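The values are calculated or read from the model by the stated rules, or taken from the named source; none is laboratory data. This structure is a prediction, so every number in the text was calculated from the model and none was measured. FYI the Cβ positions are ideal-geometry reconstructions off the backbone, even for glycines, and counts take in every protein chain you see.
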């Protein structure tokens, strides 16, 4: 079964918590689960609202796949297409030079630099992005508006934390003359594009959709888990800066900063991600179930997408480097103008090279999804409709075991944290997770060796063929 209605999306834990189904409801709102994720109050929706929401929910049966949504937007510009990357106009690596954009960014500061350019030059009135939520003790971050550069800068950096769009979209619709750019993850941008087909006012208001390359979404408990390992108990934790740059370290070796509710900046704790359980992104701790059934990491429906340049030639720079795929000739020209004026630094990359920077994530979302959906299909378990078909990739036992261990780590992280929180004992969670991660690491080493051997065989075959000719 691959076609889910909205109720089934929520019941089977495939809701990513984007909140757009609630944006159309005056009474409806999003609820937080004990797991630290958002789900909608479907009882507040009318029958027609539910039917409408199934057209834009990223994981519901009636919503179009990414290729269909993207083709409606980008084919008019005759853009080229590469599987995994999506449509593209210009592809780059680069970083901001102007001001403190790079210093204050997770990577190279180009997302905020572009947003500031759009604001300063009057193309938009405000940016909708994720910032620290100072109005609530229950959440660290939320979607908010920034209408000036100072406010924009306060929202720099990636937040590995759940957020939802319902309230900010409702507020936007109440101001029909306001023009905005919105920064979001692939599933959020896709849902917005589809929602705009039903709401032409919103389509007119959102001038630019700025995407962020996505590994996966985390629950709120991930922030608490990191803070706890830094010595701050969950109830005493105010904030986590998930991407703290470590001086004299490569870009891939970053840390996090845990900030307690009480105390000066001297009480803030910085720890390298490599020193904590869950710091390795590939382990997928506290990952949402929905992320295991998404095959878009490159925000294929966005006008432009930014990510980390995880490539050998760039990771050594601790300042960080972005990869960029612009699908908008207009935005490509803005970037090129910034490069010409020395405000940013751009280096053209081939589309394939941009995609290479995210190969691990793409493999998990395509090859891995093929395995997961195939397994679910054999068990008669419902799962969302996606481009990647069940069992479309042939995997050996090592690859299958790798994906099973990742799923076990994901599930155990959620369950073990709740047990640890109930007993106020972090060691409960750590003792449950560490043995599984250690076993996974052994499998991963075997998998890496197999990939190296397979790659060496391909190179050798090509050399033999070349010499024989």
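Of note:
- Within the range 259-291, restricting attention to residues that are assigned to a helix (DSSP H, G or I) and touching a residue at least 60 places away in the same chain (Cβ under 8 Å), the residue that is farthest from the chain's Cα centre (by Cα) is 283.
- Selection from the range 204-258 of residues that are in a strand (DSSP E or B) and free of Cβ contacts under 8 Å to residues at least 60 places away in the same chain: 206, 237, 244, 255, 256, 257, 258
- Within the range 378-403, the set of residues being outside any loop (DSSP other than H, G, I, E, B) and without any contact (Cβ under 8 Å) to a residue 40 or more places away in the chain comprises 378, 379, 397, 400, 403.
- Qualifying residue in the range 72-92 (condition: touching a strand residue (DSSP E or B) at 6+ places or on another chain (Cβ under 9 Å), part of a helix (DSSP H, G or I) and under 30 Å from residue 247 (Cβ atoms)): no
- Among the residues of the range 43-61, those identified as under 25 Å from residue 203 (Cβ atoms) and surrounded by fewer than 22 Cβ atoms within 10 Å (Cβ to Cβ) are 44, 45, 46, 47, 48, 49, 50, 51, 52, 54, 55, 61.
- Check on residue 232, in contact with a strand residue (DSSP E or B) (Cβ under 7 Å, 6 or more places away or on another chain) and under 19 Å from residue 126 (Cβ atoms): no
- Residue count for the range 404-415, restricted to those that are buried (at least 17 other Cβ atoms within 10 Å of the Cβ), without any contact (Cβ under 8 Å) to a residue 40 or more places away in the chain and within 22 Å of residue 37 (Cβ to Cβ): 1
- Scanning the range 416-431 for residues that are touching a helix residue (DSSP H, G or I) at 6+ places or on another chain (Cβ under 6 Å), buried (at least 17 other Cβ atoms within 10 Å of the Cβ) and more than 14 Å from residue 285 (Cα to Cα) returns 420, 426, 428.
- Matching residues, the range 158-203, being over 12 Å from the mean Cα position of the chain (by Cα), assigned to a loop (DSSP other than H, G, I, E, B) and crowded, with 21+ Cβ neighbours inside 10 Å: 164, 165
- Check on residue 19, touching a strand residue (DSSP E or B) at 6+ places or on another chain (Cβ under 8 Å) and either in the same structural domain as residue 296 (by TED's automatic domain parsing) or surrounded by 19 or more Cβ atoms within 10 Å (Cβ to Cβ) (or both): yes
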